[in-house]
Amino acid sequence: MNIGVLKRGQILGYTLLACLVVFTGCKSERKKVPEAYLQLTTDPEIVRLSQLIEKEPQNDSLYYRRAKVYYHLDGFDEALADLQTAMRIDSMKPEYYHLLADVLIDYARPNDSKRAIDVLTLAAKRFPERIPTLLKLSEFQLIVRQYSDAMATLDRIFRIDPRHPEAFFMAGRVALDMGDTVKALASFKKAVQYEAEHADAWMFMGRIYLNQNNPLAIQCFDNVLRVDSSRLEAHEFKAVFYKVRGEYDKAFEIYRDLVRRNRDYSNAYFDMGMMYLDLDSLNKAYDHFTLAIKTDPLFVMAYYYRGLTSELMGNLEAARADYVQANKMSPNYPEPKEALARLNKKQSK
């Protein structure tokens, strides 16, 4: 069978059909929480699309649109079922393959990541010149650490468009994940050479330079903010750069600006607490760790360092409470365990 000449509306290829049988065959495995099921059945957009499907049961785009809504509501089984129907009606819509892969990778049942790759591999065969499909395949190959396969997919893009900025960005991501910062930087530089507004490439370059304590990091983060002033993490990374270099005045200035922009920016409070701790300003350190916890009650390290600050201030019971909390939230985090052992030793004397 020549897959390339399939007409719209034909049944999917044998490979994908087999995958879809596996997808829907597992439906009974998931036990829904009643509230979640209620949301899936009463969501206004789901209700509206279901009514339209009743009127047009052969309209594949309606099943696809409903699958997208189900997916965003974590209704993975329902999304898979609708995609199966949509793709039986029309198997030549690349966006259907993309959504199917997203659903599988997020559902994360055993072998779902492999199935997601299989779906995108089939899509890349069906649409061999479609760069967005090849990019998505390379992204998923990166997620499952199939590095050589990801680079082979990107090479296909470069043969179509040797100057494609997103392909260079993905090549940088692959190289960085493999620990090759030299190749990663070279690829990110190519990405911004061909698209100066590529904020993500500037961000990754900045983070590499930050780890190298290279002042070029600041320039990269400024370029991120030039492209998108709402990227608050670029401000945070600038502050981290100055903090690491011991330029606390500049770091404090940026962190204070960050919390003026977003009162719930817990990382900024935490990092200020760390600097105050380093400066032996224990009361200010304690207050900032408290703010970090208030804005993010699951901030394990903030509990630990607030406990450490309390211990340094001589308040051992408050320290113990925070160490216990940090240990309870993250049992594999060794510092709270060691701190509790240290407190027990102190108090047994």
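Throughout, read-outs are computed from the coordinates displayed, never taken from laboratory work. Not measured: the values here are computed from a predicted model. Cβ atoms come from the backbone with ideal geometry, glycine included; neighbour counts cover every protein chain shown.
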Would you mind checking 250/294; 136/183; 250/337; 55/93; 68/328 for any pair whose Cα atoms are more than 29 angstrom apart? 250/337; 68/328
Taking 225, 100, 176, 134 and counting other C-beta atoms within 10 Å, the order from fewest to most: 225, 176, 134, 100
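Where Rh is the Kirkwood radius over the Cα pairs of the chain, the temperature 4 °C and the viscosity 1.567 mPa s, what D in µm²/s does Stokes-Einstein return? Walk me through the intermediate numbers first.
On the way: Rh = 24.0 Å.
Approximately 54 µm²/s, per Stokes-Einstein.
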Please list, in order along the range 93-108, the HN-Hα scalar couplings obtained from phi with the Karplus expression 6.51 cos²θ - 1.76 cosθ + 1.60 (θ = phi - 60°), rounded to whole Hz, x for Gly and Pro. 10, x, 5, 5, 5, 4, 5, 4, 5, 4, 4, 5, 5, 7, 5, 6
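Pull out the extension gain between residue 129 and residue 183, defined as 0.36 nm times the separation in residues minus the alpha carbon to alpha carbon distance; nm, one decimal. Intermediate values should be presented prior to the final figure.
Numbers: separation 54, 0.36 × 54 = 19.44 nm, distance 2.59 nm.
In short, 16.8 nm is gained.
Starting from the Cα-Cα distance between residue 342 and residue 228, subtract it from 0.36 nm times their residue separation and give me the gain in nm to one decimal. Write down the numbers at each step before the final one.
On the way: separation 114, 0.36 × 114 = 41.04 nm, distance 4.68 nm.
Full extension from residue 342 to residue 228 adds 36.4 nm.
Rounded, prolate or oblate: which fits the range 220-349, taking a ≥ b ≥ c as square roots of the Cα gyration tensor eigenvalues, rounded meaning a/c under 1.5, else prolate when a/b beats b/c?
Numbers: a/c = 2.62, a/b = 2.09, b/c = 1.25.
Cα axes put the range 220-349 in the prolate bin.
Which length gain, in nm to one decimal place, applies between residue 261 and residue 211 when the Cα-Cα distance is subtracted from 0.36 nm times their residue separation?
Working: separation 50, 0.36 × 50 = 18.00 nm, distance 2.58 nm.
Difference between extended and current length: 15.4 nm.
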How far is helix 147-160 tilted, in degrees, relative to the longest principal axis of the Cα atoms in the chain, given as a value from 0 to 90 rounded to the nearest 10? 60 degrees
If you average 1/r across every pair of different Cα atoms in the range 196-262 and take the reciprocal, what Kirkwood value do you get, in Å? 11.7 Å
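Could you tell me the calculated FRET efficiency between residue 39 and residue 160, based on Cβ-Cβ distance and R0 = 56 angstrom, to the nearest 0.05?
Step by step, r from the Cβ atoms, then E = 0.85.
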FRET efficiency for residue 54 and residue 109, using Cβ-Cβ distance with R0 set to 35 Å, rounded to 0.05: 0.70
Mean residue ellipticity at 222 nm from the helices of the chain, using -39,500 (n - 2.57) per DSSP H segment of n ≥ 4 over the full residue count, to the nearest 500 deg cm²/dmol? -24000 deg cm²/dmol
If I fit a long axis through the Cα atoms of helix 165-177 and take the longest principal axis of the Cα atoms of the chain, what angle between them do I get, 0 to 90°, rounded to 10? 50 degrees
Fewest-first ordering of 293, 131 by Cβ atoms within 10 Å yields 131, 293
